[in-house]
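S.K.: Okay, here's the structure, questions in a sec.
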């Protein structure tokens, strides 16, 4: 093979590789399903009543601990979202909003245990408390209107 043919072949492989990398890097947020939630969590009620004070505390906790990955608009496009695979969840989707408070709490507290990377982001005792997560769950119900 001539040098020109090798260059063309190499350029083709480079273009195909770059396209593949861009495709993987541009996966939209929240498209990777979480593992099944245990049955006892599906109907678990939020331990806090939905009040203005609880919503304000939930918003503060969300903006402090969650927004850098999940986005300030709760759309999954936070400043650091591209660092993670799978992408952070968008809280605006109908699929997310159809979940019970118990399911949302369980997923937030445990992370996506189906992936090595997200299993390490388990929130227990690291940045947020259980009480803060329950308050954030109430706040996340406002995500579609943000």
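S.K.: Can you tell me which of 67-76, 44-53, 133-142 comes out highest on packing, and rank the rest after it, using the mean Cβ neighbours within 10 Å?
M.R.: The packing order, highest mean first, is 133-142, 67-76, 44-53.
S.K.: Sorted from fewest to most neighbouring beta carbons within 10 Å, what does the list 106, 81 look like?
M.R.: 81, 106
Laboratory data are not the source of any read-out in this text; all were calculated from the coordinates shown. The model shown is predicted, which means the values in this text are computed figures rather than measured ones. Using ideal geometry, Cβ is built from the backbone for each residue, glycine included, and neighbour counts are taken over all protein chains shown.
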